[in-house]
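The values are calculated or read from the model by the stated rules, or taken from the named source; none is laboratory data. Keep in mind it's a predicted model, so treat the numbers as computed, not measured. FYI the Cβ positions are ideal-geometry reconstructions off the backbone, even for glycines, and counts take in every protein chain you see. Just so you know, the surface numbers come from the protein's heavy atoms only, side chains and all, with ligands and any DNA or RNA stripped out. Shrake-Rupley method; radii C 1.70, N 1.55, O 1.52, S 1.80 Å.
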Amino acid sequence: MKAVQVTGYGDIDRLEMADLPIPEPKEHEVLVKVEACAINNTEIWMREGAYGTGGKSGWRPEGVQFPRIPGSDITGKVVQAGSNVEETMVGRNVVLFPFTSSGKEGEEHISEDMSFIGSEYDGGYAEYVVWPAELCYDMPLDDYTDSCVFSVSGMTAWHMVEQIAPQPGETVMVTGANGGVGSLNVQIAAHVFGAKVIAIVGDTALEAQMKELGATHVLSYKSDNLAQEILEANDGPIDAVLDVVGDALFSTSLQVLKKGGKFCTSGSAGGQKTELDFRSLYLKHITLYGSVLGTRDEFKQMLAAISEGKIKPVLDRTFSLAEAREAQSYFKKSGKLGKIVLLPNK
């Protein structure tokens, strides 16, 4: 089969096309023919060593073992079942829950042995992948590309919104609102939880599209008076922030939060380190949440909401598997709206 492997830490030249044997499913696994695989920051930062190198590079203490096939947002068709898997699985169109874990229900994502597809296991930058049958769910939509854009970004966004638990009518600010996680944060907060959403983007030319996703107001982080614009748009301090940017908007976020407000972060594309005056936390009684991925129950809730039309796919563009280097380079450019997807059979 054709597959793209990460051969070590470095630039996009570390992504190399390879001809590999089609993997054999173990007794509780299935073989999936990959039809679509969306790109995430996770695999790019892993390759670049942004998480660290050696033992810090992956989710497990031993770190990522190269070469590794990246890719975690995967949809495809089951073409072979392991010996202990019902043959009725064969032929199903599935979306893959992206990690294994021995954690108890509701704590799968924080288990010490949590292992991620595309990091600890070979992932979806390939024509085929093997995965536990119990972690393969029916696609929420008929289209492979539309269904693949939710797996990691959608579960991450769903868990973030669950953390802050907005009440109907409360105001939530979403940073990086035009990105993969951000565009889903907007939809989930607005359409599932009933919150008012202030979407923060780079280019307000995206205003119409962001409002279609559920945003009440759309503001640019490039403004010299962003904090004041946020307060004016909401007629006062806001209730919560869903952040994937990190340092670049951290100070502004704390400034515009109300007393008792909530700040949830799941990314740091705008800077991984920041300065914090603790007085801004305790004097305003602000709660900070760190968040990544989510639980199997949240994943199923998300798939149901997608099937019901409450959350819609937001797709920027697609690339072939042979264009993986170009796709990852494009992913890092600003101004996109939604997800970037690899099509292994294109």
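Residues that are open to solvent by 20 Å² or more (accessible area, probe 1.4 Å), of a type in the set (A, V, I, L, M) and over 21 Å from MET302 (Cβ atoms) within the stretch 96-133 comprise just one, VAL130. Only one of the listed residues (SER334, SER280, SER320, SER291) is surrounded by fewer than 19 Cβ atoms within 10 Å (Cβ to Cβ), in contact with a strand residue (DSSP E or B) (Cβ under 8 Å, 6 or more places away or on another chain) and among the polar types (S, T, N, Q). That residue is SER320. Exactly one residue out of SER119, SER102, SER115, SER83 is without any contact (Cβ under 8 Å) to a residue 40 or more places away in the chain and either among the polar types (S, T, N, Q) or in contact with a helix residue (DSSP H, G or I) (Cβ under 7 Å, 6 or more places away or on another chain) (or both): that is SER102.
In this structure, VAL78 does not qualify as in a loop (DSSP other than H, G, I, E, B), open to solvent by less than 30 Å² (accessible area, probe 1.4 Å) and modelled with pLDDT of 95 or more. For the residues GLN209, GLN167, GLN228, GLN187, the requirement of being open to solvent by 20 Å² or more (accessible area, probe 1.4 Å), under 24 Å from THR295 (Cα atoms) and polar (S, T, N, Q) singles out GLN167.
Within the stretch 39-65, residues that are within 27 Å of THR145 (Cβ to Cβ) and modelled with pLDDT of 90 or more reach partners that are part of a helix (DSSP H, G or I) and open to solvent by 60 Å² or more (accessible area, probe 1.4 Å) with beta carbons closer than 7 Å, at six or more positions or on different chains, in the pairs ARG47/ARG14. Please tell me if PRO23 is under 26 Å from MET155 (Cβ atoms) and either open to solvent by 60 Å² or more (accessible area, probe 1.4 Å) or more than 20 Å from the chain's Cα centre (by Cα) (or both). Considered against the rule, which asks whether it is under 26 Å from MET155 (Cβ atoms) and either open to solvent by 60 Å² or more (accessible area, probe 1.4 Å) or more than 20 Å from the chain's Cα centre (by Cα) (or both), PRO23 comes out as yes. How about the stretch 305-317: which of its residues are open to solvent by 10 Å² or more (accessible area, probe 1.4 Å) and either in a loop (DSSP other than H, G, I, E, B) or under 17 Å from ASP142 (Cβ atoms) (or both)? Hits for the stretch 305-317 are SER307, GLU308, GLY309, LYS310, LYS312, PRO313, VAL314, LEU315. The lone criterion from (1) among the small types (Gly, Ala, Ser); (2) within 19 Å of the chain's Cα centre (by Cα); (3) not in a strand (DSSP E or B) left unmet by GLY103 is number (2). So which residues in the stretch 134-156 are open to solvent by 40 Å² or more (accessible area, probe 1.4 Å), of a type outside the set (D, E, K, R) and part of a helix (DSSP H, G or I), if there are any at all? Once the filter is applied, which keeps residues that are open to solvent by 40 Å² or more (accessible area, probe 1.4 Å), of a type outside the set (D, E, K, R) and part of a helix (DSSP H, G or I), the stretch 134-156 yields only TYR144. Applying the set (1) open to solvent by less than 20 Å² (accessible area, probe 1.4 Å); (2) out of contact with any helix residue (DSSP H, G or I) (no Cβ under 8 Å at 6 or more places or on another chain); (3) within 21 Å of LEU283 (Cα to Cα) to SER251 leaves exactly one unmet item: (1).
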